[in-house]
Amino acid sequence: QLQLEESGGGLVQPGDSLTLSCVASGSDFGSYGMGWYRQAPGREREFVATISPFLGTITYADAVKGRFIISRENHKNTVYLQMNDLGSEDTAVYYCGAKKQGTAFAIVQVEYWGQGAQVTVSS
């Protein structure tokens, strides 16, 4: 079992940066692939980025590639999403997800979800 809790969301202006954190409680965090996903109003939840448990294999959605950075600190049971050059199109609820030994895993494969953190980009 893994419980996930996101933090760091908020209201920012276009061009700003923001870093989300997701802290996991439960055992063996280091064996889980972790991911970030987002859901904008009226749209389906979509993949943003994933990071594998061991070798740090990372994948990004095309929409965020070059602007967002996913990272993890296994000794802190935490995964991060650094978001740079934010635009209105990035406004969404951001969710943390986990899959046991997951690498580049699809959204339908996520086994555990956090409750979400709202990110609003507006001038």
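The values are calculated or read from the model by the stated rules, or taken from the named source; none is laboratory data. Remember, predicted model here, so these are calculated numbers, not experimental data. No Cβ is skipped: glycine too gets one built from the backbone with ideal geometry, and neighbour counts run over all protein chains shown. The area values use the complete protein model at the heavy-atom level, side chains included, leaving out ligands, DNA and RNA. Shrake-Rupley method; radii C 1.70, N 1.55, O 1.52, S 1.80 Å.
On the basis of being hydroxyl-bearing (Ser, Thr, Tyr), buried (at least 16 other Cβ atoms within 10 Å of the Cβ), in contact with a strand residue (DSSP E or B) (Cβ under 6 Å, 6 or more places away or on another chain) and under 30 Å from SER123 (Cα atoms), does TYR94 make the cut?
For TYR94, the condition - hydroxyl-bearing (Ser, Thr, Tyr), buried (at least 16 other Cβ atoms within 10 Å of the Cβ), in contact with a strand residue (DSSP E or B) (Cβ under 6 Å, 6 or more places away or on another chain) and under 30 Å from SER123 (Cα atoms) - is met.
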Check: With PHE54, PHE105, PHE47 as the choices, which residue is farther than 18 Å from SER17 by Cα, over 15 Å from the mean Cα position of the chain (by Cα) and hydrophobic (A, V, I, L, M, F, W, C)?
Finding: PHE54
Notebook entry, point to check: Is there a residue being in contact (Cβ under 8 Å) with a residue 40 or more places away in the chain, touching a strand residue (DSSP E or B) at 6+ places or on another chain (Cβ under 7 Å) and among the hydrophobic types (A, V, I, L, M, F, W, C) anywhere in the range 59-76?
Noted result: no
Notebook entry, point to check: Given the structure, is VAL48 open to solvent by less than 10 Å² (accessible area, probe 1.4 Å), of a type in the set (Val, Ile, Thr) and touching a strand residue (DSSP E or B) at 6+ places or on another chain (Cβ under 8 Å)?
Noted result: yes
Checklist line | the range 32-44: number of residues that are farther than 19 Å from SER122 by Cα and either buried (at least 17 other Cβ atoms within 10 Å of the Cβ) or modelled with pLDDT under 95 (or both) | finding: 6
Margin query: I'm trying to understand the selection: among the residues of the range 51-70, which are open to solvent by less than 20 Å² (accessible area, probe 1.4 Å) and either more than 20 Å from LEU86 (Cα to Cα) or in contact with a Ser or Thr (Cβ under 6 Å, 6 or more places away or on another chain) (or both)?
Written below: ILE51, SER52, PRO53
Margin query: Cβ contacts < 6 Å: first residue farther than 18 Å from CYS96 by Cα and at pLDDT 95 or above, restricted to the range 1-21; second residue of a type outside the set (Val, Ile, Thr) and buried (at least 17 other Cβ atoms within 10 Å of the Cβ), any location; separation 6+ or different chain. Result?
Written below: VAL12/LEU18; VAL12/LEU86; ASP16/LEU86
Notebook entry, point to check: Applying the selection to the range 6-31, what residues are acidic (Asp, Glu) and surrounded by 14 or more Cβ atoms within 10 Å (Cβ to Cβ)?
Noted result: GLU6, ASP16
